[in-house]
Amino acid sequence: MPLVLPADAYLPHVAQLPTQPALVFICSTTGQGDTPENLKQLWKFLLRKSLPPDSLASVATAVFGLG
């Protein structure tokens, strides 16, 4: 069953990311292409240098940006 959440509501589930078959981000930019406020913490987590480079290798991902 799909889980549909705003990005900031997904933070408590972030440990489950490597086990997910797919992840789709649908987001709108603000201002001059700025990251939406509710995505900033999750995006910061995904860009951590301590995150193993292959930790999400098995997760199919897509980003649909509306600007």
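The values are calculated or read from the model by the stated rules, or taken from the named source; none is laboratory data. In this text, all values refer to a predicted model and were calculated from it rather than measured experimentally. No Cβ is skipped: glycine too gets one built from the backbone with ideal geometry, and neighbour counts run over all protein chains shown. The area values use the complete protein model at the heavy-atom level, side chains included, leaving out ligands, DNA and RNA. Shrake-Rupley method; radii C 1.70, N 1.55, O 1.52, S 1.80 Å.
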Ellipsoid semi-axes in whole angstrom, largest first, where each is sqrt(5λ) of the Cα gyration tensor of the chain: 20, 14, 12
Formal net charge of residues neighbouring Cys27 (Cβ-Cβ distance under 13 Å; K, R +1; D, E -1): -2
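Place a +1 charge on the Cβ of each Lys and Arg in the chain and a -1 charge on the Cβ of each Asp and Glu, then give the dipole magnitude about the Cα centre in debye, rounded to the nearest 20. Before the final figure, lay out each step's value.
Numbers: 4 positive and 4 negative charges, 33 e Å.
With only Lys, Arg, Asp and Glu charged at Cβ, the dipole is about 160 debye.
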Dmax and Rg, reported as Rg then Dmax, of region 1-40 (C-alpha, Å): 11.6, 35
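In whole percent, what relative contact order does the chain give with Cα contacts below 8 Å and a gap of six or more residues? Before the final figure, lay out each step's value.
On the way: 60 pairs, mean separation 34.4, N = 67.
Reported as a whole number, the value is 51 percent.
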Apportionment of accessible area to carbon and sulfur, the chain, percent (1.4 Å): 61 percent
Amide hydrogen neighbours beyond the local backbone of Phe25, cut-off 5 Å, H modeled: Ala62, Val63, Phe64
Calculated from backbone phi, Karplus (6.51, -1.76, 1.60) coupling profile of region 4-17 in Hz, x at Gly/Pro: 10, 9, x, 4, 5, 7, 7, 3, x, 9, 4, 5, 7, 3
Whole-Hz ³J(HN,Hα) from phi, Karplus 6.51 cos²θ - 1.76 cosθ + 1.60, for region 57-64, glycine and proline x: 4, 8, 9, 6, 10, 8, 10, 10
